[in-house]
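Here's the structure we're looking at; comments come further down.
The values are calculated or read from the model by the stated rules, or taken from the named source; none is laboratory data. Quick caveat: nothing in here was measured; it's all calculated off a predicted structure. Positions of Cβ are generated from backbone atoms using ideal geometry, with glycine treated the same way; all protein chains shown enter the neighbour counts. Accessible surface areas use protein heavy atoms only, side chains included; no ligands, DNA or RNA. Shrake-Rupley method; radii C 1.70, N 1.55, O 1.52, S 1.80 Å.
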Amino acid sequence: MNPVTQDEFDDLAMFVAVAEELRREPFFSEDNHETLSKVGNETFAYFCHPAFLKSAVLPFRKLWLDSEPCAFQTIRDFVYRVHPDQALTSSFKHWFFELYDRDLARPVAEYPDLSAKDVIEIWLYTHAAHAGPKKRKSGERIGRKLEEFDKWARSLGRERFEFEFRLHVKLIGSRMISFEEKLARPLFDILQRDAGMKPGFEAEAALTYSPYPDYRFRITFDDPFWHLDKESLEETFDRLLARQQFDSVSRLFVAFFSTRASALAAVCEFPTWEDLFQGVGGAHLKSGETTAAQLRCSGGGGEMLGSVGFEAYDGRLLRIDTPSLEMIGAFYSAFRAQLFEERRTQGKRPRWSFHSRWDI
């Protein structure tokens, strides 16, 4: 391994701390389903609350700006230079170099003079983090101008322009989070364990005093937007089913069960998809076998995460090939485990926090 200075190690520690903070931002949650749709000549956007975007932009900006010590590209190049497992880093190079650069350079809405990088920078310098271009002592103005924001908001439409910003912040931020998980955090752990390196005061403080503190600190958040500590079992069930990775599971539940309550009861009762299928009296249609039963739902398969090809008919008849059936079994098990884990971590406020007699 190439030698690592204390400053380089501290910058790596800062990156790990900030990327972990970014990962825990609700904006990057799988439950954030932002969409843009068009009805006739009108464009409609569905976004999460602005508070989530503002909160996520703070750590994202630290990883984005080259002037920050924990800037993604600086840390990425450092990790690739010193990581002891070059075969491992090479296996991710296409993902963190070529695709990263390609995503940023991709034209937005078929405008060749507007890239994803432009959209991110225009927002960061005019709305998300600054009030406009910064001034240097020399009087030179750096950054992007509010006139650019106005131009593209008019050209694309305000809804489309904001959607593109949110979309690419989530895409690029997710790439940074993945880099921390796959390469940066493991290298940080190696340097601590094998080289005996320790973060300096500021880096250690960043790791310790995260906005999302661990259980060592007796801090409970009462979030007026997210409501995850106030959900009913049915609400948690619906929220998880809306995630992309559980798309096919959701479709099958709707086809097999007439009510949400019956689907939820079956999930609680049956630990595996095979148990559920047999327990509710499901039957498989063989390849080429026909049925007069009404088609209730189908899955298109393809490359989308959570999407599996199948046909579900009245009477809980299911036509599905073996590989897709195995995938459904894995998705069902993951969904059930996530449901129980979410319910385990959700609870009332701790007894030491303020409460009224109605909470007793």
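With the Cα gyration tensor of region 1-95 in hand, convert its eigenvalues to equivalent ellipsoid semi-axes via √(5λ) and list them largest first in whole Å.
Values: eigenvalues 243, 55, 24 Å².
Over the Cα atoms of region 1-95, the ellipsoid semi-axes are 35, 17, 11 Å.
For the chain, with a Gaussian network of springs between Cα atoms less than 10 Å apart, report the residue from Ala337, Ala17, Ala71 with the top mean-square fluctuation.
Ala337
Distance check, please: which entries in Lys54/Lys117; Lys54/Lys93; Lys93/Lys170; Lys117/Lys145; Lys38/Lys117 exceed 23 angstrom between their Cα atoms?
Working: Lys54/Lys117 18 Å; Lys54/Lys93 30 Å; Lys93/Lys170 20 Å; Lys117/Lys145 15 Å; Lys38/Lys117 25 Å.
Those over the limit are Lys54/Lys93; Lys38/Lys117.
Sort out the exposed loop chymotrypsin sites (Phe, Trp or Tyr not before Pro) in the chain (DSSP loop, at most 12 other Cβ within 10 Å) and tell me the longest stretch that has none. Write down the numbers at each step before the final one.
Values: sites that count: Tyr209, Tyr215, Phe217, Phe221, Phe225, Trp352, Phe354.
After excluding every exposed loop site, the longest remaining stretch is 1-208.
To the nearest 500 deg cm²/dmol, what mean residue ellipticity at 222 nm is calculated for the chain from DSSP H runs of n ≥ 4 alone, each contributing -39,500 (n - 2.57), summed and divided by the residues? Before the final figure, lay out the partial values.
On the way: 15 runs with 177 residues, N = 360.
The per-residue figure over the chain is -15000 deg cm²/dmol.
Short version: what are the Cα gyration tensor semi-axes of region 37-136, square root of 5 times each eigenvalue, largest first, in whole Å? Walk me through the intermediate numbers first.
On the way: eigenvalues 178, 79, 40 Å².
The equivalent ellipsoid of region 37-136 has semi-axes of 30, 20, 14 Å.
Just tell me the longest site-free run in the chain, where the sites are trypsin sites (Lys or Arg not before Pro) in a DSSP loop having at most 13 other beta-carbon atoms within 10 Å. Could you put the intermediate results ahead of the total?
Values: sites that count: Arg136, Lys137, Arg216, Arg218, Lys230, Lys286, Lys348, Arg351.
Longest site-free region, per DSSP loop and neighbour criteria: 1-135.
Principal axes first, then extents: for the Cα atoms of region 169-273, list largest minus smallest coordinate on each axis, whole Å, largest first.
Dimensions of region 169-273 along the principal axes of its Cα atoms: 59, 31, 30 Å.
Taking GluC sites (Glu not before Pro) that fall in a DSSP loop and have at most 10 other Cβ atoms within 10 Å as cut points, what is the longest piece of the chain between them? Display every interim value, and only then the final one.
Numbers: sites that count: Glu110, Glu140, Glu289, Glu303.
My reading of the result: 141-288 is the longest stretch.
Reachable aspartates and glutamates from Lys230, Cα under 16 Å, same-chain residues fewer than 8 places away excluded?
Filter leaves Asp31, Asp222, Asp238, Glu341, Glu342, Asp359.
State, as an integer percentage, the relative contact order of region 1-65 based on alpha-carbon contacts under 8 Å between residues 6 or more apart. Could the numbers behind the result be given before it?
Numbers: 41 pairs, mean separation 21.7, N = 65.
Reported as a whole number, the value is 33 percent.
Which of (1) 1.02; (2) 0.98; (3) 0.95 is the computed Rg/Rh (Cα atoms, Kirkwood Rh) for the structure on display?
Checking each listed value against the structure points to (1).
Pop a pseudo-label 7 angstrom from the Cα along the beta-carbon direction at both Ile190 and Tyr212 and give the gap in nm to one decimal.
2.6
Counting pairs of alpha carbon atoms under 8 Å apart in space and at least six apart in sequence, what relative contact order in percent does region 1-122 give?
Values: 91 pairs, mean separation 26.8, N = 122.
Reported relative contact order: 22 percent.
So which aspartates and glutamates pass the test for Lys151, namely a Cα distance under 19 Å, with those fewer than 8 places away in the same chain ruled out?
Glu110, Asp113, Asp118, Glu121, Glu159, Glu162, Glu164
I'd like the carbon and sulfur percentage of the solvent accessible area for region 28-119, probe radius 1.4 Å, heavy atoms only, ligands and nucleic acids excluded. The partial results should precede the final answer.
Numbers: 2720 of 5020 Å².
Roughly 54 percent of what the probe reaches on region 28-119 is carbon or sulfur.
Percent relative contact order of the chain, based on C-alpha pairs within less than 8 angstrom and at least six residues apart? The partial results should precede the final answer.
On the way: 386 pairs, mean separation 59.2, N = 360.
Reported as a whole number, the value is 16 percent.
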